[in-house]
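In what follows, a structure is listed as structure tokens, so that the remarks can point back to it.
None of the figures in this text is laboratory data; all of them are computed from the coordinates on show. Owing to the predicted nature of the structure, the values given are computational and were not obtained by experimental measurement. Glycine also receives a Cβ, built like all others from the backbone with ideal geometry; neighbour counts cover every protein chain displayed.
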Amino acid sequence: MVPRTEAVYLDDATLRTLTTEVLSFQSITSLSEEEKGLAKNVPAEDNAITMRQTIFYAQGGGQPSDTGAIGPVDQDPTFEVSAVRKTPDGRFLHFGKFLDVTSSFVVGQSVVQKVDDSKRNYHSRLHTAGHIVGLAMQLLMPEKKKVKANHFPREASMEYEGLLYNEHKPVIQEKVDELVRLDLPILISWLQGGARVGDGEGAEEGRSHDGRTRIASIGGLDHNPCGGTHVARTSLVGSVVIRKISRQKGISRVSYDVSPGIEA
Ligand SMILES: [Zn+2]
């Protein structure tokens, strides 16, 4: 049985390269049915690698997975990582393909992981912007309960119980701009035990197997259980643009984006 993967990015989200050890390497077709379910959008001819540690974020908590590459130590990367998913027992499956079909990995081999830096930064900015919108809403309308968060490019939004209208848009925008301008630090801490401090969007990803809960806080003003990746300070998000406010079945959606986009 392959042990759970140590998710190094939970403690250090700045790493973009890491040397670690291959624990398993197999074709998608040889995965268990449950694991194949995690590989739904992955080409059937791809492979899945697990390693002792990872700096790749696995899709979850409303944040898309990292992409990047893996290769032998002191060589160019040989394997392109297109998607990363976490199994219920805590193994990170890195899906992708070899650049050269004659390449392979063996169990126990040392490999170097490289995470796509521009995509990670963009995802971290989008995710952190969600926290900033959340904090703005908490400060402006503390009675509104958050029900959902999505930090995917072009879909990023926070959803709340109750009704919000277009006239709220400039008010939220102003508070969000203020929080960005204040350049507040994003603080990561771990709470012992099954903490109940709200239901953050990444709460499940932030719960460790030893019962600790990862908490993300903006300037100590809020505390959200969260397993996502963040930028270090609110100003590093760039600017947050409140795009629109929409309503459906008593739930209001605050759609947002960050500027500049991924090209920057
Ligand atoms: Zn977060």
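Pairing the Cα long axis of helix 168-181 with the longest principal axis of the chain, what angle in degrees results, from 0 to 90 and rounded to the nearest 10?
60
What residue among ARG181, ARG253, ARG233 shows peak mean-square fluctuation when the chain is described by a Gaussian network model with Cα springs under 10 Å?
ARG181
For the chain, state what percent of all Cα-Cα pairs lands in each successive 10 Å bin, counting from 0 Å until the bin that includes the largest distance.
Going from the shortest bin to the longest, the percentages are 7, 29, 32, 21, 9, 2.
If R₀ is 45 angstrom, what is the calculated FRET efficiency for the pair SER30 and GLU167, using the beta carbon separation as r and rounding to 0.05?
Given R0 = 45 Å and the Cβ-Cβ separation, E is 0.20.
If the chain between GLN192 and LYS148 were fully stretched, how many nm would it gain, using 0.36 nm times the residue separation less the Cα-Cα distance?
Going from the current span to full extension adds 13.3 nm.
Build a GNM of the chain with springs between Cα atoms under 10 Å: which of LEU93, LEU221, LEU179 gets the top mean-square fluctuation?
Maximum fluctuation in the GNM of the chain, among the listed residues, is at LEU221.
Order by neighbour count: HIS223, HIS94, fewest other Cβ atoms within 10 Å first, most last.
HIS223, HIS94
For THR67, enumerate residues with amide H under 5 Å from its amide H, sequence gap 5+ or separate chain, H modeled in the peptide plane.
For THR67, the qualifying residues are ASP116.
How far apart, in nm, are the 7 Å Cα→Cβ label points at SER239 and GLU45?
For SER239 paired with GLU45, the spin-label model returns 4.6 nm.
May I ask you to list the residues of the range 22-46 whose amide nitrogen lies under 12 Å from a point 7 Å from Cα along the Cα→beta-carbon direction of LYS97?
Once the point is set 7 Å along Cα→Cβ of LYS97, 42-46 turn out to lie under 12 Å by backbone N, inside the range 22-46.
Given labels modelled 7 Å from the Cα in the Cβ direction, how far is it in nm from GLU155 to THR17?
Rounded to a tenth, the inter-label distance reads 3.3 nm.
Fewest to most neighbouring Cβ within 10 Å: what's the order for LYS40, LYS145?
LYS40, LYS145
What FRET efficiency, computed as 1/(1 + (r/R0)^6) with R0 = 22 Å and r the Cβ-Cβ distance, is obtained for MET141 and ILE262, rounded to the nearest 0.05?
For R0 = 22 Å, the calculated efficiency reads 0.10.
Report the FRET efficiency, 1/(1 + (r/R0)^6), for SER246 and ASP210, where r is their Cβ-Cβ distance and R0 is 45 Å, rounded to 0.05.
In this case the efficiency is close to 0.65.
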